[in-house]
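S.K.: Quick one: structure below, then a few questions.
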Amino acid sequence: MPVRPDPNKETILLRYPLDGSVKVVSALKDEKGSPSLIWVEPSGKNQPRFYECNNCREVANFFDMEYRRAFAENRDRKTIPELYKVPFDKVGLIGEELRKLSDDPQNAVILETVKKYRTYTAQLNRITFDIARMPIAELAAEGFDIEQMKKDGAFKLLEVGRQTKLYPVKAVQTGHITKESTYSLHCFFDQNGEIGFKAQSALSEPEYRTDERLRRELTKQDINDLRAKKTLNRLMQHDGEYCFVGFNKDTQRMIYVPCKDVRIPDYIFGQFIGPSRKQEFERGGSVLLENCNYSGNDNHFSGHAHFDVHRRDYVVDDPHYERPYLPEHIRTQMPKEEVDKYFAGEVMKGYRYKGRDGRPFTQDFRLNTETNACEFIDYQKQAASLQQTQTQGPISDPPESMEPQEAPYMAPHIPEEGQDRSQGPRM
């Protein structure tokens, strides 16, 4: 009896643009710096020989070497395979769809079907904690709703080192009384190199108010930046390591990302990151990048790039576009008449649309005619500015209990259509 493919396991499908052939990785070998690939046909009978993708960085390093070798040999770029990360039980379906692209490369239905599985070495390199190696059963045993977490995309956040939102967990106390608490999760490696989960409950007040060291070292501007979901523009020491620093408003705890755990890409939005730029990033600073673009989009932009602790990636702040820009993930939620209103300069109601995290926006947005970017509207800031104009006096600081509305991170620094920001010239 044939073994049913495991939907929780993923493999790598390869599509070769030169001849349209589709293969499944069976094994990856690196013999003395020379990559060697073993593949099989994407059919059900070969399922036992499928490579299980439980080390994405291994896959990324293998194909990076292959790309460099192809470049050195001046080979046709079409000889380099496209990568697709696909569950075992979807290999046959996606493989067949990819084959059809040879006859109809612009088929919109097929392209939409396979788009969610397309991946790149830079994206694979970002995955620190492979889902296949996560002890998810332990979370279920502790009372976490695994299906809801999958629906929310929580494990996709965890695999790149990000934290989840708060999830409820019910625990039975003495006397069979059920108590519900909420926890945010993030991954870590234990002393044996195994992946584990750390759960954090929400503090009653921000950590930067109760920690004596933070009270001494953080300036008023630092706190304002942290509350606005920004990453500090300097490094701080934590547990003996220099770290990038941010703040989690869900748990009211600080976020520390050790510098040693951050990989600086060779390219950010098509711009080469040389030694001097990398040194600035290593110090926790930002770098001005010009003539950037998303893959497949010729609307170039410029802005300051820096590491963001919330996205665990390098982002571009305050981007200036050549032409009016609307993030693709918002555009797909809009009827045509709403898109036209946006480009005409009208204010759009944020609550009608969702960000990439699946949550409705908390602020309205519009096209910024000076930068051509999509901007959120801070009505509190506008009201304070109006008050200053009317009184001609200084604006008093809002009480500490008044947290400003969070402006969700937007697509100006998120690659189009799932493309990764660190892709350089493609083979």
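S.K.: Quick check on this structure: which one of Val109, Val169, Val114 is touching a helix residue (DSSP H, G or I) at 6+ places or on another chain (Cβ under 7 Å) and assigned to a helix (DSSP H, G or I)? Step through it out loud before you land on a result.
M.R.: Details: Val109 fails: touching a helix residue (DSSP H, G or I) at 6+ places or on another chain (Cβ under 7 Å); Val169 fails: assigned to a helix (DSSP H, G or I).
One residue alone meets the criteria, Val114.
S.K.: For residues that are more than 19 Å from Tyr117 (Cβ to Cβ) and of a type in the set (S, T, N, Q), scanning just region 1-39, find the one that is modelled with the highest pLDDT.
M.R.: Only one residue tops the list, namely Ser36.
S.K.: Answer yes if at least one residue in region 92-105 is of a type in the set (S, T, N, Q) and part of a helix (DSSP H, G or I), and no otherwise. Talk me through it step by step, then tell me what you get.
M.R.: Taking region 92-105 and keeping what is of a type in the set (S, T, N, Q), we get 102.
From what's left, part of a helix (DSSP H, G or I): none.
No.
S.K.: Follow-up. What's the number of the only condition in (1) surrounded by fewer than 17 Cβ atoms within 10 Å (Cβ to Cβ); (2) at pLDDT 90 or above; (3) of a type outside the set (Lys, Arg) that Leu98 fails to meet?
M.R.: With (1) surrounded by fewer than 17 Cβ atoms within 10 Å (Cβ to Cβ); (2) at pLDDT 90 or above; (3) of a type outside the set (Lys, Arg) applied to Leu98, the lone miss is (1).
S.K.: Restricting to region 321-352, name every residue that is surrounded by 17 or more Cβ atoms within 10 Å (Cβ to Cβ) and among the hydroxyl-bearing types (Ser, Thr, Tyr).
M.R.: Once the filter is applied, which keeps residues that are surrounded by 17 or more Cβ atoms within 10 Å (Cβ to Cβ) and among the hydroxyl-bearing types (Ser, Thr, Tyr), region 321-352 yields Tyr321, Tyr325, Tyr342.
S.K.: Now, a different point. Output the residues belonging to region 30-81 that are over 24 Å from the mean Cα position of the chain (by Cα), closer than 12 Å to Thr11 by Cα and acidic (Asp, Glu).
M.R.: none
S.K.: I need the full set of residues from region 139-166 which are basic (Lys, Arg) and either within 14 Å of Asp357 (Cβ to Cβ) or in contact (Cβ under 8 Å) with a residue 12 or more places away in the chain (or both), in order please. Give the derivation first.
M.R.: If we filter region 139-166 for residues that are basic (Lys, Arg), which is where we start, we get 150-151, 156, 162, 165.
Selection gives Lys151, Lys156, Arg162, Lys165.
S.K.: Quick test for you: out of Thr362, Thr332, Thr371, pick the one residue that is closer than 25 Å to Lys220 by Cα, within 30 Å of the chain's Cα centre (by Cα) and at pLDDT 85 or above. If you could, list the steps in order and put the result at the bottom.
M.R.: Details: Thr332 fails: closer than 25 Å to Lys220 by Cα; Thr371 fails: closer than 25 Å to Lys220 by Cα.
After ruling out the rest, the residue left standing is Thr362.
S.K.: In region 78-91, what count of residues is obtained for those that are touching a helix residue (DSSP H, G or I) at 6+ places or on another chain (Cβ under 8 Å) and either in a helix (DSSP H, G or I) or at positive phi (or both)?
M.R.: Residues meeting the conditions: 3.
For every residue, the table says whether it meets (1) farther than 16 Å from Asp308 by Cβ; (2) loosely packed, with under 15 Cβ neighbours inside 10 Å.
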{"position": "Thr231", "(1), (2)": "no, no"}
{"position": "Leu235", "(1), (2)": "no, no"}
{"position": "Phe244", "(1), (2)": "no, no"}
{"position": "Gln252", "(1), (2)": "yes, no"}
{"position": "Tyr256", "(1), (2)": "no, no"}
{"position": "Ile264", "(1), (2)": "no, no"}
{"position": "Phe269", "(1), (2)": "no, no"}
{"position": "Ser276", "(1), (2)": "yes, yes"}
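S.K.: Right, something else. If a residue must be modelled with pLDDT of 95 or more and closer than 22 Å to Thr369 by Cα, how many such residues does region 301-318 contain?
M.R.: Selection size over region 301-318: 5.
S.K.: Filter region 278-292 down to residues that are surrounded by fewer than 17 Cβ atoms within 10 Å (Cβ to Cβ) and not charged (D, E, K, R) and give me whichever is nearest to Asp266 (Cα to Cα).
M.R.: Selected residue: Gln279.
S.K.: Still on this structure: What number of residues within region 294-312 satisfy the criterion of being surrounded by 21 or more Cβ atoms within 10 Å (Cβ to Cβ) and out of contact with any Ser or Thr (no Cβ under 8 Å at 6 or more places or on another chain)?
M.R.: Summing the residues that are surrounded by 21 or more Cβ atoms within 10 Å (Cβ to Cβ) and out of contact with any Ser or Thr (no Cβ under 8 Å at 6 or more places or on another chain) in region 294-312 gives 3.
S.K.: May I pose another question? Are any residues in region 134-166 in a helix (DSSP H, G or I), of a type outside the set (Lys, Arg) and in contact with a helix residue (DSSP H, G or I) (Cβ under 9 Å, 6 or more places away or on another chain), and if so, which ones? Quick ask: steps written out before the conclusion?
M.R.: Here is the first cut: in region 134-166, the ones in a helix (DSSP H, G or I) are 136-142, 146-152, 154-159.
Still in the running and of a type outside the set (Lys, Arg): 136-142, 146-149, 152, 154-155, 157-159.
Across region 134-166, the qualifying residues are Ile136, Ala137, Leu139, Ala140, Ile146, Gln148, Met149, Ala154, Phe155, Leu158, Glu159.
S.K.: Please name all residue pairs, on different chains or six or more residues apart, with Cβ atoms under 6 Å, provided the first residue is in region 336-353 and is under 21 Å from Glu370 (Cβ atoms) and at pLDDT below 95 and the second residue is surrounded by 11 or more Cβ atoms within 10 Å (Cβ to Cβ) and aromatic (Phe, Trp, Tyr).
M.R.: If the second residue must be surrounded by 11 or more Cβ atoms within 10 Å (Cβ to Cβ) and aromatic (Phe, Trp, Tyr), the pairs left are Gly350/Phe361; Gly350/Phe365.
S.K.: Which one is surrounded by the most Cβ atoms within 10 Å (Cβ to Cβ) among residues in region 203-228 that are among the hydroxyl-bearing types (Ser, Thr, Tyr) and farther than 19 Å from His310 by Cα? Can you show your working first?
M.R.: Initially, region 203-228 is screened for residues among the hydroxyl-bearing types (Ser, Thr, Tyr), giving 204, 208, 210, 219.
Within this subset, residues satisfying the condition of being farther than 19 Å from His310 by Cα are 204, 210, 219.
Working: Ser204: 7, Thr210: 12, Thr219: 9.
Looking at residues that are among the hydroxyl-bearing types (Ser, Thr, Tyr) and farther than 19 Å from His310 by Cα, I get Thr210.
S.K.: For region 356-365, enumerate the residues that are touching a helix residue (DSSP H, G or I) at 6+ places or on another chain (Cβ under 7 Å) and either touching a residue at least 24 places away in the same chain (Cβ under 8 Å) or in a strand (DSSP E or B) (or both). Before you say what the answer is, go through the steps one by one.
M.R.: Here is the first cut: in region 356-365, the residues touching a helix residue (DSSP H, G or I) at 6+ places or on another chain (Cβ under 7 Å) are 356, 358, 360-365.
If the condition is that a residue be touching a helix residue (DSSP H, G or I) at 6+ places or on another chain (Cβ under 7 Å) and either touching a residue at least 24 places away in the same chain (Cβ under 8 Å) or in a strand (DSSP E or B) (or both), then Arg356, Gly358, Pro360, Phe361, Thr362, Gln363, Phe365 are the ones that fit.
The values are calculated or read from the model by the stated rules, or taken from the named source; none is laboratory data. Please read all numbers here as calculations on a predicted model, not as lab measurements. Note that we place each Cβ from the backbone using ideal geometry, even for glycine, and neighbour counts take in every protein chain shown.
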